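Notes to accompany the following structure.
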Amino acid sequence: MKLFRFNGGRIGASTVDEAGRETSYDLTEALGVDPGAWPPVQMVQLIARFDERMKGIFAHPAVKPIDRDAVRLEVPVEWPNKLLAYPVNYVKHGEEMQSKNRADLNGFFLKANSSLSGPNDPIVLPDLPGREIHHECELGIVIGKGGRNISREAAWDHIFGYACLVDMVVRGNEERVMRKSYDTFCPFGPWITTADEVPDPAQLQAKLWINDELRQNANTRDLIVDIPGMIELASRVATLHPGDIIATGTPEGVGPVRKGDRLRIEIEHVGAMTLDIQ
Ligand code: MN
């Protein structure tokens with residue numbers, strides 16, 4: 001299933017029938033969701049009680065098919081408890097940055113939750129003359145079942161789904177959390193693809209283009225700290241909650257963006273987004 005937010009906090013889902021045909025539905029009324037409620041935690045609440053709240057939902061009289069291409073998709077998780085990110089998690093990216101940092105040595109950092117933006121939101125560059133602002137193409141993991149001290153073996157059971165994630169960053173010497181926390185510096189989406197629809201998360205090709213130039217093209221099999229390892233390590237420190245997002249680290253090929261560029265990220269079995277840079 002693909003789960004998405006649209007048109008001001010409404011919640012939708014896309015399912016594929018046995019013939020392979022995908023249909024999308026507006027679940028807002030059937031789920032009893034108030035799209036305008038603040039804080040915008042409706043998707044987090046749904047993820048936390050997903051099986052229970054989705055039971056029989058598609059038979060609910062208020063559920064109507066919609067044309068997903070005709071609505072405005074929004075960031076699927078707007079208000080998680082945490083947005084964790086792993087730094088240098090591919091050897092070749094460490095080499096290109098001439099960095100001794102490695103995710104297995106340095107652990108994770110945090111980005112401001114408010115840096116999250118959606119598949120139809122532009123990336124707005126801050127006015128910082130002379131500074132490079134880079135794209136990082138990453139797989140985003142969405143936590144389903146929370147927990148502390150989650151083992152490698154149990155980690156897969158805690159994953160709700162996956163989305164494309166771009167970790168934008170101003171290169172330089174200020175605190176990393178600040179350089180990565182500008183508004184719109186974490187495009188995430190276009191939807192959450194639930195874990196059951198991703199055949200092998202440890203074998204996903206992820207690509208990122210700036211305009212027509214393919215800049216990043218790598219596979220999650222080359223992660224230094226793999227997906228269960230990231231959950232194990234993070235949950236040793238902090239309780240993971242439903243809806244938490246983990247940015248898995250970028251492969252090589254990062255580079256600068258400029259106003260007027262167009263960024264495209266594509267992850268197989270997960271989704272794709274094309275974003276304007278302003
Ligand atoms: Mn990153």
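Quick look at the values:
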| item | result |
| --- | --- |
| Mean projected area in nm² (Cα convex hull; one quarter of hull surface) for the range 1-131 | 12.0 nm² |
| Computed helical MRE - 222 nm, the chain, DSSP H runs ≥ 4 contributing -39500 (n - 2.57), nearest 500 | -3500 deg cm²/dmol |
| Residues of the range 2-74: accessible area per residue with a 1.4 Å probe, Å² | 54 Å² |
| Antiparallel DSSP beta bridges within the chain, as percent of all bridges there, nearest 5 | 90 percent |
| Pairs from 2/92; 111/207; 2/55 whose Cα-Cα separation, in the structure shown, is over 26 Å | 2/92 |
| Descending semi-axes in Å of the range 2-74, equivalent ellipsoid built from Cα gyration tensor | 19, 15, 11 |
| Extension reserve of the residue 128-residue 55 stretch, reckoned as 0.36 nm per residue once the Cα distance is removed | 21.3 nm |
| Percent carbon-and-sulfur accessible area, the range 83-276, ignoring ligands, DNA and RNA, probe 1.4 Å | 46 percent |
| Efficiency of FRET between residue 259 and residue 21 - r from beta-carbon atoms, R0 25 angstrom, step 0.05 | 0.05 |
| Filtered trypsin sites (Lys or Arg not before Pro), the range 1-31: DSSP coil and at most 12 other beta carbons within 10 Å | 21 |
| Loop-located trypsin sites (Lys or Arg not before Pro) in the range 141-228, at most 14 other Cβ atoms within 10 Å (DSSP) | 148, 171 |
| Candidates per GluC sites (Glu not before Pro) in the range 97-189, loop by DSSP, up to 14 other Cβ within 10 Å | 132, 174, 175 |
| Backbone N under 19 Å from the residue 200 label point (7 Å along Cα→Cβ), restricted to the range 249-277 | 267-271 |
| Cβ-Cβ FRET estimate between residue 171 and residue 221, R0 fixed at 25 Å, reported to 0.05 | 0.35 |
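The values are calculated or read from the model by the stated rules, or taken from the named source; none is laboratory data. Everything numeric here is computed off the predicted structure, so don't read it as measured data. With ideal geometry, Cβ positions are generated from the backbone for all residues, glycine too; neighbour counts draw on all protein chains shown. The accessibility values were calculated without ligands, DNA or RNA, using every heavy atom of the protein model including side chains. Shrake-Rupley method; radii C 1.70, N 1.55, O 1.52, S 1.80 Å.
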